[in-house]
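In what follows, a structure is listed as structure tokens, so that the remarks can point back to it.
The values are calculated or read from the model by the stated rules, or taken from the named source; none is laboratory data. Computed from a predicted model, the values in this text were never measured in an experiment. Using ideal geometry, Cβ is built from the backbone for each residue, glycine included, and neighbour counts are taken over all protein chains shown.
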Amino acid sequence: MAGLSPGPVDLHPEAEELAALAGRAPSLHNAQPWAFRVGRDTVEVHFDDRRMLPVTDPVGRQAYLGLGAAVFLLRLAMAVRHRAVRVELRPAPARPDLVARITVIGEREPTGEEVRLAAAVPRRRTVRTPFQEGVVPVPLRVAWREHAEGEGGVLRWVERIGERSGVARLVAEADRQQQHDPAYLEELRRWTAPERVAEGAGVPTSTFGVTPGVGHAAEFTPRDFGAGGRSGERRHAGPLEEHPLVAVLATATDSAEDWLRGGQALMRVLLAAADDGYVASYLNQPIEVPGLRQQLRDELRLAGRPQLVMRLGRPSGPLPPPTPRRPPAELLLSEEPA
């Protein structure tokens, strides 16, 4: 029950376990732009700007979404450990690298929903291969939308024919622009390189998804991770599902705090979907091209700012192995002197 007096709290023995759990969050190209400082009763989440992607994400917006997702996983980890916490976003304006602080303030029982979401963490995947055909039931879509709203996000389904064709056109145009940008392709090459994957980050070739031809024939063009020059791995011959479920995750503003809220909303939706047997991948190309991002907002008449474009469905085959992660010890910062 929330509000009970806590016993002595010391998170130090759990530092690597907490870092490993938070490090399961999704991030652009699996860059993992985070570091954690674990104190006696606090966990700080820091932005490691050395792991930014300056071409694809020049202002760090998508990095902050990943950091927000890590914050949600830490909240969940504390909940299932029967801890009540206070979450502060960007608690020290003079320290821009410190994006969140989570402080244990008491004890409480986890909710049934928190237990289910925590159990779904190992099943959460980004799946770029075909999904099963079929309509996602309306009650699930309503529930996922409510999960996003519970974190301050908006999950906008792309359903009407005109909207789908408009969004598909923007995805294709953004993909075309990126595929002709040498700086983008070089950055993609770096984050799909074998040496990057060997260190526990980046996108391995086994998860690239379908071939470029299959991707371009789909209703919505997926990102071609092989365009960076890592195309030797055999890829899925497709085809992708004919009419995928597509949603845009939006937030009220483009403030850094709202990016962090958007990341928490994303993580909650992904875990709820995983608990229901569903997975996701992304169609973020138009979000990454400034002019097309505004067109996407106009196309869907969004009151807020679009942050992600998601494709959701049931995987048509076994779940792929988890993507690599850096060792937890590498994610931990030393505790500051008192």
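Observations
- Residues that are part of a strand (DSSP E or B), in contact with a Lys or Arg (Cβ under 7 Å, 6 or more places away or on another chain) and either within 16 Å of TRP191 (Cβ to Cβ) or not β-branched (Val, Ile, Thr) (or both) within the range 25-57 comprise GLU44, HIS46, listed in sequence order.
- Residue in the range 94-112 that is part of a loop (DSSP other than H, G, I, E, B), touching a His at 6+ places or on another chain (Cβ under 6 Å) and closer than 29 Å to ILE287 by Cβ present: yes
- Residues that are at positive phi and surrounded by 20 or more Cβ atoms within 10 Å (Cβ to Cβ) were ranked within the range 175-230; the one that is nearest to the chain's Cα centre (by Cα) is GLY202.
- Sole exception among (1) closer than 23 Å to LEU11 by Cα; (2) modelled with pLDDT under 95; (3) not charged (D, E, K, R) for LEU117, by number: (2)
- Enumeration of residues in the range 37-79 that are surrounded by fewer than 24 Cβ atoms within 10 Å (Cβ to Cβ) and aromatic (Phe, Trp, Tyr): PHE47
- Test: GLU159 is exposed (fewer than 15 other Cβ atoms within 10 Å of the Cβ) and in a loop (DSSP other than H, G, I, E, B): yes
- Scanning the range 9-38 for residues that are in contact with an Asp or Glu (Cβ under 6 Å, 6 or more places away or on another chain) and either closer than 18 Å to LEU271 by Cα or of a type in the set (Gly, Ala, Ser) (or both) yields LEU28, ALA35.
- Among (1) β-branched (Val, Ile, Thr); (2) surrounded by 17 or more Cβ atoms within 10 Å (Cβ to Cβ); (3) farther than 30 Å from ASP49 by Cβ, the one test that VAL115 misses: (2)
- Filter result for LEU170 (touching a residue at least 24 places away in the same chain (Cβ under 8 Å), buried (at least 20 other Cβ atoms within 10 Å of the Cβ) and assigned to a helix (DSSP H, G or I)): yes
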